[in-house]
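The values are calculated or read from the model by the stated rules, or taken from the named source; none is laboratory data. What you are looking at is a predicted structure, and each value in this text was computed from that prediction instead of being measured. Remember, those area values only see protein heavy atoms, side chains included, never the ligands or the DNA or RNA. Shrake-Rupley method; radii C 1.70, N 1.55, O 1.52, S 1.80 Å.
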Amino acid sequence: KQEVTQIPAALSVPEGENLVLNCSFTDSAIYNLQWFRQDPGKGLTSLLLIQSSQREQTSGRLNASLDKSSGRSTLYIAASQPGDSATYLCAVRDAGGTSYGKLTFGQGTILTVHP
Amino acid sequence: NAGVTQTPKFRILKIGQSMTLQCAQDMNHNYMYWYRQDPGMGLKLIYYSVGAGITDKGEVPNGYNVSRSTTEDFPLRLELAAPSQTSVYFCASSFTGRAFFGQGTRLTVV
């Protein structure tokens, strides 16, 4: 059974800091990994998608890396801003076996960036 | 381009009532998912489907049923609603890439 863990559960930083969010998963047979953002009371917005054959993806101030063999991904946010405050979730899609296609989420990291 | 559409957005049910949460996508995605999210928690998978006619249980399927007769639609049925089913429900779809989410249905069972 795939299990996804995110560390830390919560993070509070001053504006301008660079920060790293961590995601680990137990089964390395994944198809892809996604990072999402969720604002309070809202739905999920996809930030970055990394296919299993890729090592990293970048979008603006966001960079996500994937080490499939060790079951880890990191989301790096450069020069954080108050508008980055949200919950960040990672999710892995299983590649094979009986759970093919299953999309499993971590519990999320609540990020607060204060001015 | 509507993406993933969930209806209704809000609903209050009495204990023991039944209802169907609707989910439709117009992107011809073969994968579809139903999740519930309790306050302060992550998303827990209820059911998912890898194509029309194929469904499978997730982590928390008890008290729910699904069907997938078409590629576009993936309704979630609640039978005999219980207070423990009070939650926000999200539907999602994907193909080979990103998963797209609906805006959610906030359900309260009283």
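Under the criterion of Cα pairs below 8 Å and six or more residues apart, the relative contact order for the stretch B:1-96 equals 35 percent.
Centre-to-centre, using Cα atoms only, the stretch A:16-62 and the stretch B:58-87 are separated by 27 Å.
Tell me, what % of the accessible area of chain B is carbon and sulfur with a 1.4 angstrom probe? List each step's numbers first, then the result.
Values: 2740 of 5170 Å².
Roughly 53 percent, rounded to a whole number.
Which lysines does residue A:1 reach when only Cα atoms under 30 Å apart count, and residues fewer than 8 places away in its own chain are ignored? Reachable lysines: A:42, A:68, A:102, B:44, B:57.
Chains A and B together bury roughly 1900 Å² of accessible surface, counting both sides and using a 1.4 Å probe on protein heavy atoms.
Taking a ≥ b ≥ c as the square roots of the eigenvalues of the Cα gyration tensor of chain A, is the shape rounded (a/c under 1.5), prolate (a/b larger than b/c) or oblate? Prolate is the answer for chain A, as a/c is 1.5 or above and a/b outweighs b/c.
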